[in-house]
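Take a look at the structure below.
The values are calculated or read from the model by the stated rules, or taken from the named source; none is laboratory data. Since this is a predicted model, take the numbers as computed values, not measurements. Neighbour counts are summed over all protein chains in view; Cβ atoms, including those assigned to glycine, are modelled from backbone coordinates with ideal geometry. In case anyone asks, the SASA skips ligands and DNA or RNA and just uses the protein heavy atoms, side chains included. Shrake-Rupley method; radii C 1.70, N 1.55, O 1.52, S 1.80 Å.
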Amino acid sequence: MIEALKKVPRHIFVPEKYRKYAYVDQPLPIGENQTISAIHMVGIMVELLELEEGMKVLEVGAGSGYHAAVIAEIIGERGAVYSVERYPRLAEMARENLRKAGYKNVFVMVGDGSKGLPEYAPFDRINVTASAPEIPKPLIDQLKDNGIMVIPVGRIFQELKVVRKRGEEIVVENWGGVSFVPLVGEYGFKD
Ligand code: SAM
């Protein structure tokens, strides 16, 4: 995980105005009142996802594309990341950043990621980068058996949950308190 964090050029994913802070471990504005997550948070989430080479990963909340690039670095060229972003302008920026950084296996789409991406499901892993009121049922449905989802849940008091699907059984563990922008959508908070 550390190797992947070292490899991804975060400055490419940070808007020009904040570029001098690109390697400071804090969230930074990316437009539309949204943020690129802090480096340590990206590291914690990819570690919890237990990523392996060749995996198919759904990300909800592409933002700048940085987190998806770190995932792509770990799953390698045989894997793929499908990342959904609700703001078209951010999705366009994420695509451009990923292109500049050389990632060809991250596919950024515009839409309500709280519904997942049924047309590409099932996924080995699901990474949600915005905080949901509760774990969206469509995301559980789109997770493969033995799959793992990492998702922040809560509005003001938020907890990062690690969701494991084992057949019919869904096991949810709390990692601890976090602070994310809200997941806004049909299975998220209302605008
Ligand atoms: N992973 C991003 C990065 O590395 O820059 C940071 C993501 S930011 C903390 C959360 C993102 O989730 C925002 O860009 C926000 O617009 C997006 N978002 C919120 N609700 C969403 C939804 N229902 N579907 C897709 N994206 C959503």
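Per residue, segment 68-135 exposes an accessible area of 43 Å² to a 1.4 Å probe, with every protein chain left in place. Principal-axis analysis of the Cα atoms of the chain puts helix 39-49 at an angle of about 30° to the longest axis. In segment 92-191, a dipole from Cβ-located charges (positive for Lys and Arg, negative for Asp and Glu) runs towards its positive end, and of Leu117, Gly102, Val153 it is Gly102 whose Cα lies farthest in that direction.
On a 1.4 Å probe surface of the protein chains, which of Asp145, Asp112 comes out largest in accessible area, and what is the full order? Numbers along the way, then the final one.
Details: Asp145 95, Asp112 40 Å².
Descending accessible area places them as Asp145, Asp112.
On segment 28-164, 50 percent of the accessible area sits on carbon and sulfur atoms, based on a 1.4 Å probe.
Taking the highest mean first, how do the peptides 178-187, 3-12 order by number of other beta carbon atoms within 10 angstrom per residue? Could you put the intermediate results ahead of the total?
Working: 178-187: 17.8, 3-12: 15.5.
Going from most to least packed, we get 178-187, 3-12.
Under the criterion of Cα pairs below 8 Å and six or more residues apart, the relative contact order for segment 72-155 equals 26 percent.
If the limit is 20 Å between Cα atoms, which of Lys104/Lys137; Lys7/Lys115; Lys56/Lys100; Lys115/Lys190; Lys20/Lys100; Lys7/Lys104 go over it?
Working: Lys104/Lys137 30 Å; Lys7/Lys115 31 Å; Lys56/Lys100 22 Å; Lys115/Lys190 14 Å; Lys20/Lys100 18 Å; Lys7/Lys104 15 Å.
Violating the 20 Å Cα-Cα cut-off are Lys104/Lys137; Lys7/Lys115; Lys56/Lys100.
Label positions at Glu50 and Tyr120, each projected 7 Å from the Cα along the C-beta direction, are separated by 2.3 nm.
In the chain, Cα pairs under 8 Å separated by at least six residues give a relative contact order of 17 percent.
Straight-line reach from Lys161: taking Cα to Cα under 17 Å and skipping same-chain neighbours fewer than 8 places apart, the aspartates and glutamates in range are Glu47, Glu50, Glu59, Asp124, Glu134, Asp141, Glu169, Glu173. Treating each Cα of segment 1-113 as an identical point scatterer and summing with the Debye formula, the log10 of I(q)/I(0) at q = 0.13, 0.14 Å⁻¹ comes to -0.41, -0.48.
Dipole magnitude for segment 4-148: computed about the Cα centre from +1 point charges on Lys and Arg Cβ and -1 point charges on Asp and Glu Cβ, it is near 580 debye.
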